[in-house]
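J.: Encoded as structure tokens, here's the structure I'll be asking about.
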Amino acid sequence: MRLRQTGPAGIARDPEAFEVFYRRHFDAVTRFLARRIPDPHTVADLTAEVFLAVLDSAHTYRPDRGSETAWLYGVARNTLLAERRRSARELRAAGRISGHRLLESDDVARLEERIDAESPARRALEAMAALPEKDRALLELVAVDGLTPAEAATVLGIRQGTARVRLHRARRSVQQVPGVTPVMEGTR
């Protein structure tokens, strides 16, 4: 019977080896994190992240550099530091918006009206998604953004005649989609 390799080098390829490794080191990782984090939910989440990181970095383990526990603590430490950086960014972002007015119900109502008013343009953009990039960019500039074909040609760096041909081809393709035709007819 072959002895299963349960160290870090074998766990990425062998689910049973990973399970053995996980069971052997679970308590050590949770103790490591619990000494540094007071919240049990965060400890549980970070423990899971540590073992996911272990799977991704198992190939980096070098037994001549130290024990697998030391290597595992390095992975846990890096995971913890990443979480602290993420939390700090989140705290800074929250600090930047504190004191700013949040949306009132009137603001939400106005946004809902605006979203409803833009539904034909959203349908047009969805219909344009299947077009080749050059045709889609031109049609978006004309049909959605309201530029003239000449202005759109300038934006895209193409000749006006080329723009008119592409625009005609793109309109024909998109007119097949229900509910989009009125938006396309309103283009210049």
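J.: Report, largest value first, the span of the C-alpha coordinates of the range 43-145 along each principal axis, in whole Å.
T.: If we take the Cα atoms of the range 43-145, the spans are 65, 44, 20 Å.
J.: Then there's this: So if I take the centroid of the Cα atoms in the range 155-172 and the same for the range 26-62, what is the distance between those two points in Å?
T.: Taking the Cα centre of the range 26-62 as reference, the centre of the range 155-172 is 56 Å away.
J.: Take each complete run of DSSP H in the chain, measure how far its Cα atoms stretch along the helix's own axis, and keep only those covering 15 Å or more with mean Kyte-Doolittle hydropathy at least 0.0; list them.
T.: Numbers: long enough: 15-34 (27 Å, -0.10); 40-57 (25 Å, 0.82); 68-97 (44 Å, -0.53); 105-117 (18 Å, -0.86); 160-174 (21 Å, -1.02).
Qualifying helices, which must be both long enough and hydrophobic enough, are 40-57.
J.: Keeping every protein chain present and rolling a 1.4 Å probe, give me the accessible area per residue for the chain in Å².
T.: Each residue of the chain exposes 67 Å² on average to a 1.4 Å probe.
J.: Testing the spin-label approximation: label points 7 Å from Cα along Cα→Cβ at D39 and A121. State their distance in nm.
T.: So the two model labels end up 3.9 nm from each other.
J.: For the chain, what is the calculated [θ] at 222 nm in deg cm²/dmol (nearest 500), taking -39500 (n - 2.57) for each run of four or more DSSP H residues and dividing by its residue count?
T.: Working: 10 runs with 130 residues, N = 188.
For the chain, the value works out to -22000 deg cm²/dmol.
J.: Something else about it: Taking the Cα centre as origin and putting +1 on Lys and Arg beta-carbons and -1 on Asp and Glu beta-carbons, what dipole magnitude results for the chain, to the nearest 20 debye?
T.: Roughly 760 debye for the chain.
J.: So, one more: Lys and Arg at +1, Asp and Glu at -1: add these up for the other residues within a Cβ distance under 13 Å of A121 and post the number. Let's see the in-between values first.
T.: Details: positive: R114, R122, R123; negative: D116, E118, E126, E140, D145.
Net charge in that neighbourhood comes out at -2.
J.: Scale the Cα Rg of the chain by the rule-of-thumb value 2.2 N^0.38 Å and send over the ratio, two decimals.
T.: Normalised Rg, Cα atoms only: 1.77.
J.: Follow-up question, since we're still on this one. Hey, any idea what the orientation-averaged projected area of the convex hull of the range 37-84's Cα atoms comes to, in nm²?
T.: Working: hull surface 13.4 nm².
The directionally averaged projection comes out at 3.4 nm².
J.: Whole number please: convex hull volume per residue, Cα atoms of the range 2-84, in Å³. Could you put the intermediate results ahead of the total?
T.: Working: hull volume 7.4 nm³, N = 83.
So the per-residue Cα hull volume is 89 Å³.
The values are calculated or read from the model by the stated rules, or taken from the named source; none is laboratory data. Source: prediction; values computed, not measured. Please note: Cβ atoms are built from the backbone with ideal geometry, for glycine as well, and neighbour counts cover all protein chains shown. All accessible areas refer to the heavy atoms of the entire protein, side chains included, with ligands and DNA or RNA removed. Shrake-Rupley method; radii C 1.70, N 1.55, O 1.52, S 1.80 Å.
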